[in-house]
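Right, one structure below, let's go through it.
The values are calculated or read from the model by the stated rules, or taken from the named source; none is laboratory data. This structure is a prediction, so every number in the text was calculated from the model and none was measured. Here the Cβ positions follow ideal geometry from the backbone for every residue, glycine too, while neighbour counts run over all protein chains shown. Each accessible area value is taken on the protein alone, full model and side chains, heavy atoms only, with ligands, DNA and RNA left out. Shrake-Rupley method; radii C 1.70, N 1.55, O 1.52, S 1.80 Å.
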Amino acid sequence: MSKSRSFRLVLIKPSHYDDDGYVIRWWRGGLPSNSLACLYGIALDCRERQVLGPDFDIEIDAIDETNWKVRVADLARAIKAADSGMVMLVGVQSNQFPRSLDLARRFRKLGIHVTIGGFHVSGTLSMLPERDPGVQEMMDLGVSVFAGEAEGRLDGLLQDAAAGRLQPLYNYIDDLPHLESQPLPIIPRQQIRRVIGHTTSFDAGRGCPFQCSFCTIINVQGRKSRRRSADDIEAVIRANVAQGVFAFFLTDDNFARNKDWESLLDRIIALREKEGWDLRFTIQVDTLCHSCRTSSRNAPRPASGDASSASKMRDDAGLEEGQNHDRRRLHSGLSQRHTGIDRPGHRDHQA
């Protein structure tokens, strides 16, 4: 059945300005945006479920401004050519907010609906007693502010945009969704081709048990670990391999503290052995991940050893699990007792 109406959804991950005021954009980006991947996957799910009705088609553009020029006038014309549409500025961090504000001004001047989300708006609404002046300026422009995570919520946002009744604020900070069986993060191949190594991204879990004073993650994603299942991870990998992508950036802030790390790595190992795929991962872990052991099989297994078996791996070690005096200085609020592991005097990292 052909669709008689169309909705144009433009997802933009904004870049930021350098010291001279120029937008930073690279011929090839360094790392992909997981926020863009998540929103694109959720939007695809909304299109498949026909959340705007059986006669509506949702056309989706995904743009990472760090490696792709945002042509405001062209995008505005494409949206106006559809029956309705919207620009979503996704995953906006604090250093990207000024650029986002400038983009929003230009789109709003052309009469385009704009929504903004990400850690800056979510973090400031969660942590500050009064509304951030920049966020208020966004709202004064007629931009809708989305705080929290979009799983299960994008349906309503798209319906409001199509009906011309977007609200100034959508606040889901205190209602975090579960991740199992949710729409999976995916980035279209034409966007991945602009990333060095053709790397894509996904999150196996969200939330962090630490209390570092310098970090807003616990105020946005919470301190409770929420995780995708091994079936979800396999589906993400298979979907990307189908479009010729074998390199992945796991955006979990500390994969070693994911309670299901072993079953997830077991599934990846099984895929690699069965399919013969040359899978590559960049994973963020803490400095004691090699001590996270389990005895569910014949011998205790370190998380780092399993990860190296699952792929060609690069790991970035965080300092949340450094020396006691370092953690106290950073106010991480974590001790050996919280980790459930013993601190070794020295042990080789097997990755």
Note to self: Can you go through 122, 94, 126 and tell me which one is closer than 17 Å to residue 173 by Cα, of a type in the set (Gly, Ala, Ser) and open to solvent by 30 Å² or more (accessible area, probe 1.4 Å)?
What the structure shows: 126
Next item on the list: Within segment 62-77, identify whether any single residue is out of contact with any strand residue (DSSP E or B) (no Cβ under 7 Å at 6 or more places or on another chain), under 28 Å from residue 196 (Cα atoms), at pLDDT 95 or above and open to solvent by less than 30 Å² (accessible area, probe 1.4 Å), and answer yes or no.
Entry: yes
Check: Between a first residue in segment 253-267 that is under 15 Å from residue 179 (Cβ atoms) and among the polar types (S, T, N, Q) and a second residue that is modelled with pLDDT of 85 or more and assigned to a helix (DSSP H, G or I), which pairs have beta carbons less than 8 Å apart while being 6 or more apart in sequence or on different chains?
Finding: 258/264; 263/230
Check: Does segment 241-250 include one or more residues that are out of contact with any Ser or Thr (no Cβ under 7 Å at 6 or more places or on another chain) and over 21 Å from residue 67 (Cα atoms)?
Finding: yes
Note to self: Given the criteria at pLDDT 95 or above and open to solvent by 60 Å² or more (accessible area, probe 1.4 Å), does residue 47 qualify?
What the structure shows: yes
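Every residue, every condition in (1) surrounded by 21 or more Cβ atoms within 10 Å (Cβ to Cβ); (2) of a type outside the set (Phe, Trp, Tyr); (3) modelled with pLDDT under 90, yes or no:
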site: 165; (1), (2), (3): no, yes, no
site: 170; (1), (2), (3): no, no, no
site: 187; (1), (2), (3): yes, yes, no
site: 210; (1), (2), (3): yes, no, yes
site: 214; (1), (2), (3): no, no, yes
site: 239; (1), (2), (3): no, yes, no
Checklist line | Tally, over segment 150-163, of residues that are in contact with a His (Cβ under 8 Å, 6 or more places away or on another chain) and open to solvent by 60 Å² or more (accessible area, probe 1.4 Å) | finding: 0
Next item on the list: Name the single residue, out of those in segment 241-264 being over 16 Å from the mean Cα position of the chain (by Cα) and of a type in the set (Phe, Trp, Tyr), that is least open to solvent (accessible area, probe 1.4 Å).
Entry: 261
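So which of 100, 144 ends up being over 14 Å from residue 12 (Cβ atoms), surrounded by 14 or more Cβ atoms within 10 Å (Cβ to Cβ) and among the small types (Gly, Ala, Ser)? Give the steps one after another, and end with the answer.
On the way: 100 fails: over 14 Å from residue 12 (Cβ atoms).
None of the others qualify; the one that does is 144.
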